[in-house]
Amino acid sequence: SRRALASSGELNILMWSDYLPETFVSAFEKGTGIKINFTGIGSNEEIINKMKATKGRGFDIVSPTNNRSLQWQPLELLQPIDMARVPLENVNPAMAKIGEVDWAFGDGIYWAPHIWGTEGIAWRTDLFTPKGVLPSYGDVWADENAGKTMGRGHSMMLGAGLYMETIGELAPGDVWRAYKTPEAMAEVWGKITDWCIAKKGNVKLLWNDADTQKNGLLNEGVIVGQTWDGPPLALKTAGEPVMYAAPLEGAMAWVDGIAIPTGAENIDAIYEFLKHAYMPELAGEAIDHHGYNSPVLGADKFAGAAYAKNFADAYPGDALDKL
């Protein structure tokens, strides 16, 4: 009865801070009469910690990244999605399969794709020029850029490892090999850690969310950084002297999803949100604003010329094959 009384025409969403542009929210609320209460986050750890603290209550939708399923399964803080109510025929099959394979916990599927993107290199076009056609993860650590770079701790070190393979500090393929055994992880990441410690003075700023990335490029003197694709591309679209591209070593790809906490109360509203999120016209409108990409088939046709140019600039040549 508590759940029935709580289904009051509202939807409580815990999602990455820049994923719900006002255009999407307005279209959803106008089309359904359901009010969105949005809480923005900047990391997977924030989502998990909030759900652990409330024992799965307080939100109807959360947005974990595809590779976090092994963290979520033992917590038992999510409930299976009724896939019969989800228009998966509108979604890229490869991304829909992530839920079927990695998020099938025995009694159902616990995750559906929502937004995908990459982590690569952003730079100020008026203050920095890549040495070649594409930038490199190594630009973040380079002595000539000392005190003017930024990144996120763990993934910036991963980028450093991929760069180290190209300069002989690691053997080709070592970073992937590190994930095979604990011994290989200790060996390879020991080398990466030592290399990063020696060069840590070159890094000015560690970021944790989209706003920190934007502020670093605009106000903190950062000329080149390892970032998500969305924030710098949003700045580029707004006319700022900022560029983003997949680096020589290959961009890191991710898919953020939609999951339902065990204490979700506005169940019908959740499936209305999924229905609208998988409409190509609304998905296209959203990616046009936040700069990331959609798994919805045909969404790019509704995103406009600026999105198409940003995508082509970010992933030239064989960049998509090297994700």
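Taken together, the values in this text are just the output of simple stated rules run on the coordinates, not laboratory data. Everything numeric here is computed off the predicted structure, so don't read it as measured data. Note: ideal-geometry Cβ built from the backbone for every residue, glycine included; neighbour counts use all protein chains shown.
Things worth noting here:
- Across all Cα atoms of the stretch 1-150, the radius of gyration (one decimal) and Dmax (whole number) stand at 19.7, 64 Å.
- Take every Cα pair under 8 Å whose residues are at least 6 apart in sequence, average their separation, divide by the length of the chain, and the relative contact order is 29 percent.
- Relative packing of 99-105, 259-265, which averages over residues the other C-beta atoms within 10 Å, highest first: 259-265, 99-105
- When peptides 179-188, 106-115, 39-48 are sorted by average Cβ neighbour count within 10 Å, with the highest value leading, the order is 106-115, 39-48, 179-188.
- Theoretical FRET efficiency, 1/(1+(r/R0)^6), r = Cβ-Cβ of T129 and D82, R0 35 Å, to 0.05: 0.10
- The mean of 1/r over all pairs of different alpha-carbon atoms in the stretch 226-323, once inverted, gives a Kirkwood hydrodynamic radius of 14.9 Å.
- Kirkwood Rh and Cα Rg combined as Rg over Rh, evaluated for the chain: 0.98
- Taking the average, over residues, of other Cβ atoms within 10 Å as the packing measure, peptides 196-204, 246-254 rank 246-254, 196-204 from highest down.
- Separation between Cα centres of the stretch 264-306 and the stretch 12-83, rounded to whole Å: 15
- Helix axis angle, 182-199 relative to the chain longest principal axis, alpha carbon, degrees: 60
- Seen against the Cα atoms of the chain and their longest principal axis, helix 305-314 is set at about 40 degrees.
- Degrees, to the nearest 10: 93-102 long Cα axis against longest axis of the chain: 80
- For A303, no residue whose modelled amide H falls within less than 5 Å of its own remains once neighbours fewer than 5 places apart on the same chain are excluded.
- Put simply, the amide H of I81, placed in the peptide plane, has neighbours under 5 Å in I109, Y110, W111, leaving out anything fewer than 5 places away on its chain.
- Tensor-based shape of the stretch 183-275 (alpha-carbon gyration tensor, a/c under 1.5 rounded, otherwise prolate or oblate): oblate
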